[in-house]
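None of the figures in this text is laboratory data; all of them are computed from the coordinates on show. Just so we're clear, the structure is a prediction, and the values are computed from it rather than from any experiment. For neighbour counting, all protein chains shown are included, and Cβ atoms are generated from backbone atoms with ideal geometry for every residue, glycine included.
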Amino acid sequence: MTTAFPSSLYACPCSDLSSAPTPSSKRASIQPNTLELSGDQAFNPHSPRANYALYPLSDLLYCEECDEIRCPRCWTEEILYWYCPNCLFDVPSSTVKGDGNRCSRSCYNCPSCTTPLQITQVSHRDEGLLKPTDAAGGDETYVLQCQYCDWSSLEIDVRFSKPTKITEQLAKQRKARVSGKEDTAPSDKKVTAPDDVFASLVSFYKDQLDESGDSRNPYSNSPYNSPANLARIMSLYGGLSYNALKKTREKPQPMREALGAPEGLFSFGTDRSDTEIISRMQTSGWDATPTAEQQLSAPVNHDIRFADELWPSATQLRTRRAKRCKNCRHIIARQEPKVGNMRYKIRLLAMNYIPRLSIRPLHPTMPLTNPAFNLKPEMPQHELLQPHKAQQYVLTIRNALFETVKISLATPATTPGKVASRVTILCPSFTVGPAGDVWDEALSASAEPNSDGGRKAAMASLTGSSESSDRQPEAGKIWERTRNSTSVIVEVVPGALQQPPSIVRKTDKELADEELEEDDDVLEVPVYVRTEWEMEVKPGESVQAKKDANAMPGEKVGKELGYWVVLAVGRIAG
Amino acid sequence: MSRPQPTTRRSVKTEYIETDTGNKISRRAFIEGKQNIMLGGKTVLMAGVHLRGDLCRKPEPAAAGEKEKPNTTAVSIGRATVVSTNAVIRPPMRVHKGQMTFIPMRIGDNVFIGPNAHISSASISSHVYIGENAVLSPLCIVKEGSKILPNTVVPPGMTVPAGTVVGGKPAKILGEVGDGWGQGGGVEGEEWVEGGDLRPLVRSIK
């Protein structure tokens with residue numbers, strides 16, 4: 001799941017995997033600042049469903065109204081605009097509804113490798129390439145060409161007379177080809193484009209509906225249009241009972257399905273005989289047949305049998321979407337409705353609201369690097385964790401809010417999954433100072449010169465100087481504190497990958513359970529984070545529903561938030 | 001125009017030569033046609049980078065009595081862009097009316113180009129992340145805030161729309177970057193993020 005260590009992923013509380021610890025222990029009034037976890041409650045990062053609940057912090061949003069984290073499962077999307085990824089023009093929604101979700105400009109993709117095709121001029125063999133094209137020579141032709149796999153529309157014998165209006169020219173050639181085939185094929189089976197088949201099917205069903213319903217009904221648009229509805233309404237106002245009325249009416253004729261090609265019936269099979277296809281397959285082999293992906297690239301390619309019949313597919317449109325909270329329908333992310341503009345009008349990122357967790361070794365063996373920014377081709381090798389050897393990590397919680405937050409951390413004593421590692425957070429509850437701008441920090445730093453001790457300690461821990469090695473982590477003590485971040489020590493004892501051999505013979509099931517699967521050796525620590533903070537209700541601010549309804553402006557309102565974070569520490573050596 | 005100044009700070013033999021505008025150019029980078037290259041400042045060219053400024057449009061011969069035209073730009077790179085080890089940047093070529101011309105290449109600000117990448121695109125907008133070993137074929141266009149996964153081959157002439165993730169050989173649009181793309185950098189432990197401000201990363205390269 002994760003390749004880079006150390007990293008942290010956040011679970012949205014909407015997932016049922018990430019249930020909060022029991023309410024009794026969660027209530028601060030009973031047991032302040034402690035969270036207790038039993039084995040089953042812990043978020044299991046090795047569960048197959050965990051991949052669908054964990055997100056990097058940058059992908060999560062936050063709803064200010066509901067005071068909750070929002071993930072792709074708990075926000076709804078609405079389309080801002082459609083655009084073609086090739087020509088980057090936006091397409092109005094009416095055109096999308098009418099013409100489908102493909103670009104109607106000259107954007108085509110290679111049917112063989114999906115690369116955008118380019119319009120290339122082909123000149124006749126006699127004329128040298130270097131000869132400048134003179135306007136008089138009207139016999140130059142254009143083809144669609146793929147610069148990646150060298151497919152060109154010459155393979156399906158399609159040429160264009162001008163480099164513009166490719167869609168129209170292509171449609172014309174397609175039509176000519178299909179109707180030409182019809183003439184040669186004496187059978188009554190028609191090979192038509194799927195769009196035409198669909199259109200005739202729609203008209204067929206419309207006719208059927210008209211026939212089965214009362215076509216002379218003048219109220220075709222009113223709620224009384226269907227006889228059943230009318231009867232139900234009549235029965236509401238007395239008169240004959242609904243059932244009695246139903247009996248009196250004759251049953252509507254059952255609708256029949258489409259019978260022939262003119263009605264839209266589309267049976268698989270072409271005008272060619274099977275033997276012809278089989279014999280061609282025998283001679284040309286597997287390579288001449290299209291792959292499933294190629295066939296599904298466009299409806300025109302759905303029932304082709306050979307790769308040389310592939311028709312270029314118009315580029316599919318893409319959408320840009322705004323996000324709304326599913327609960328309160330407020331917009332939580334919305335971009336400017338202009339193609340290519342990445343500026344946001346509204347963007348409530350979770351990273352600006354919830355505390356961020358990061359973990360690093362207390363005594364790093366190599367300098368920490370950001371794994372995404374590998375500047376050199378050789379990958380730094382991550383050291384494997386030795387089983388049963390206690391390791392200490394610094395867990396830093398950084399506050400993004402402008403209020404001081406109270407943090408309570410909880411983690412299962414042993415990590416869930418097949419390899420059980422012991423985890424201890426030495427100081428599970430503490431406060432983290434408010435975030436401010438850089439100036440606040442600079443001013444406070446100059447006021448008290450001792451306050452950059454934290455930075456010194458951080459530098460020392462990075463360089464591994466003797467200053468920090470003197471210090472021993474203590475239970476219940478905060479390791480390090482800066483203006484808006486607090487670090488605590490986490491002790492991890494990695495479990496062994498192999499179970500100890502036992503005298504009692506194991507059953508097959510037990511042995512199968514011991515079998516390690518992919519990424520089971522990754523040591524991931526689930527940590528439940530509960531944050532509490534107080535927020536002043538500003539006058540004029542929309543007082544939120546629910547619990548804060550009776551809060552007056554200027555009063556402080558307590559808020560809390562709980563979520564699971566999975567810290568990937570490293571791989572355990574086998 | 002800022003060009004490497006080999007004479008400055010000769011006494012301290014460091015890996016990087018720093019220009020007045022803060023560009024850091026490795027002594028082991030291979031740079032051709034320096035007069036045709038523009039660096040925006042605070043840009044890093046790491047060891048083994050091939051930068052082909054000599055592949056530019058040939059200036060038309062000056063007519064009699066006219067002054068020689070100034071050099072054309074072949075490659076222009078914006079601010080705080082990092083070109084990692086062994087990346088190759090060469091402007092794309094096109095045959096136009098029977099003549100071979102090179103198209104000037106434009107790279108925006110805060111672009112990260114991974115190691116061993118091969119770049120021949122027509123333009124790369126700002127805040128783009130290009131993974132290692134990626135091949136950007138001639139005349140492709142990469143729009144703002146997009147991410148190119150490692151080992152991707154972007155086919156010739158492809159447009160990578162803004163805010164998308166592409167990958168594969170040939171490249172396909174696989175998805176979109178998250179809403180927090182490029183946000184959240186500048187804190188200890190995560191000084192720089194993909195698509196974000198790369199100035200801290202530039203500062204850290206020594």
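At-a-glance table
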item: Dipole magnitude (debye, nearest 20) for the stretch B:51-179, charges at Cβ of Lys, Arg, Asp, Glu; result: 360
item: Anisotropy class of the stretch B:132-172 from Cα gyration tensor, a/c 1.5 cut; result: oblate
item: A:Phe306, B:Phe112 arranged by Cβ crowding within 10 Å, fewest neighbours leading; result: A:Phe306, B:Phe112
item: Efficiency of FRET from Cβ geometry, A:Ser502 and A:Lys162, R₀ 60 Å, rounded to 0.05; result: 0.15
item: Charge sum, other residues only, whose C-beta stays under 11 Å from A:Phe160's C-beta, Lys/Arg counted +1 and Asp/Glu -1; result: +2
item: Over chain B: Kirkwood hydrodynamic radius from C-alpha pairwise inverse distances, Å; result: 17.5
item: Rg/Rh for the stretch B:97-206, where both radii come from Cα atoms and Rh is the Kirkwood radius; result: 1.01
item: Interchain or long-range residues, amide H under 5 Å from B:Val135's placed H; result: B:His118, B:Thr152, B:Val153, B:Val154
item: Cut-off 12 Å between beta-carbons: net charge of the residues surrounding A:Cys14, Lys and Arg +1, Asp and Glu -1; result: +1
